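Structure record follows, encoded as structure tokens.
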Amino acid sequence: MLDRDPHGNVQVSKIDTEKLLILLLKQELKTRAEDGKYSGIFVPQSHFFGYEGRCALPSNFDSQYCYSLGLNAAVLIREGLSGYMSCIKNLTDKNPANWEAAGCPLPTMMGIERRHG
């Protein structure tokens, strides 16, 4: 029920994820206690870590993929191809040497969005 941005979208960065998880866990433990399946004590203490605290360490795939995207973006810039998004294809191949670099024109991904208000 937080404020929304000018387009009506929920501002995800303002959601206290850790507090939401605590609330959901409390409800689950209450249900289990009513069913006689839980008799413990739950005393949570939350701490906000921001986006950094919500993510795991990057995998080797993450590192290779992001490196490839950045290198490809640099090549697109060097070649004067503005208005393109860096894309890497063939990601199902486990060997990054077999991945294919590409540039996707941004206008092909755009569409007119009609909103009320």
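Projecting the Cα positions of GLN11, PRO107, ILE41 onto the charge dipole of the chain (unit charges on Cβ atoms of Lys, Arg, Asp and Glu, taken about the Cα centre) puts ILE41 furthest along the positive direction. A simple spin-label model places pseudo-atoms 7 Å from Cα toward Cβ; at ASN9 and LYS37 they are separated by 3.7 nm. Dividing the C-alpha radius of gyration of the chain by 2.2 N^0.38 Å, with N its residue count, gives 1.67. Based on DSSP H segments of at least four residues, each scored -39500 (n - 2.57), the chain has a per-residue ellipticity at 222 nm of -11500 deg cm²/dmol.
Peptide packing for 32-45, 92-105 was compared via the average number of neighbouring C-beta atoms within 10 Å per residue; ordered from the highest value, the list is 92-105, 32-45.
Just so you know, all these numbers are worked out from the coordinates, no wet-lab data involved. Everything numeric in this text was worked out from a predicted model, so none of it was measured. Glycine gets a Cβ as well: all are built from the backbone with ideal geometry, and neighbour counts include every protein chain shown.
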